Amino acid sequence: MVQVDPIDRIMRAALVSDEEFVTALNDLLRHDLRISVRELSEKSGIAQSSLYKILHGRRSPNLSTLRAIVRALRQLYHVGNEDFIGLIAARPVLESVEERMAEIDGHRMRVREYPVHTMEDAIVAAVRAEREGAIAIVCAPIVSSIIEQLVHVPVATIIPRESVQQAIELAARKAWL
């Protein structure tokens, strides 16, 4: 599945219909950014009540509201020029990550998540992470060698030693039942 830039996705959806816009905006808020309506309200300057009405199909966004939402989404996707590490993984792995900031050799480094479902999604996410300014990428071993050939930033591979052993033990126990 080819992923479209999130800002392009929201703009295209707005041109199709209010329903498509609401679906795309909900998806971006819940799955990509994982932020609340309150946070979007604060970033965009649009009242929470107005956003709720739009998200529940009780109001169509006017042009100035659409502009404010897009402006806020751009800020949320491209937060400053700070360095960050792109973490590409399936949603369950991302949900297990407790820290979104890492202290590395005295430097604070932000971790930006890129949720994926397929190998193709992971490859697209790696290119997107590099384009958005990632200084390095962390991903699963099944795609790391391909990603290393595509991007010009360092790639580190997730090696889940403990969870692999736990999964083997769980599989054995299930097989013995």
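Listing for the model above:
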read-out	value
From VAL124, VAL155, residue being in contact (Cβ under 8 Å) with a residue 60 or more places away in the chain, surrounded by 10 or more Cβ atoms within 10 Å (Cβ to Cβ) and of a type in the set (A, V, I, L, M, F, W, C)	VAL124
Some residue of segment 2-24 being touching a helix residue (DSSP H, G or I) at 6+ places or on another chain (Cβ under 8 Å), within 17 Å of PRO115 (Cα to Cα) and loosely packed, with under 11 Cβ neighbours inside 10 Å	yes
Any hit, segment 94-115, residues being assigned to a helix (DSSP H, G or I), in the same structural domain as ILE142 (by TED's automatic domain parsing) and of a type in the set (Ser, Thr, Tyr)	yes
Qualifying residue in segment 80-91 (condition: charged (D, E, K, R), touching a strand residue (DSSP E or B) at 6+ places or on another chain (Cβ under 9 Å) and surrounded by 14 or more Cβ atoms within 10 Å (Cβ to Cβ))	no
Residue in segment 35-58 that is modelled with the highest pLDDT, counting only those that are exposed (fewer than 14 other Cβ atoms within 10 Å of the Cβ) and within 19 Å of the chain's Cα centre (by Cα)	ARG38
Filter pass, ARG128 being in a strand (DSSP E or B) and either farther than 23 Å from VAL164 by Cβ or touching a helix residue (DSSP H, G or I) at 6+ places or on another chain (Cβ under 8 Å) (or both)	no
Out of GLU98, GLU103, sole residue that is within 18 Å of the chain's Cα centre (by Cα) and surrounded by fewer than 11 Cβ atoms within 10 Å (Cβ to Cβ)	GLU98
Pairs with Cβ under 8 Å, 6+ apart, first in segment 90-107 and under 20 Å from ILE142 (Cα atoms), second part of a strand (DSSP E or B)	ALA90/PRO115; ARG91/PRO115; LEU94/LEU87; LEU94/GLU113; LEU94/PRO115; VAL97/LEU87; VAL97/VAL111; VAL97/GLU113
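The values are calculated or read from the model by the stated rules, or taken from the named source; none is laboratory data. The structure displayed is predicted, hence computed values, not measured ones. Because the Cβ atoms are built from the backbone with ideal geometry, glycine has one as well, and the counts that use them run over all protein chains shown.
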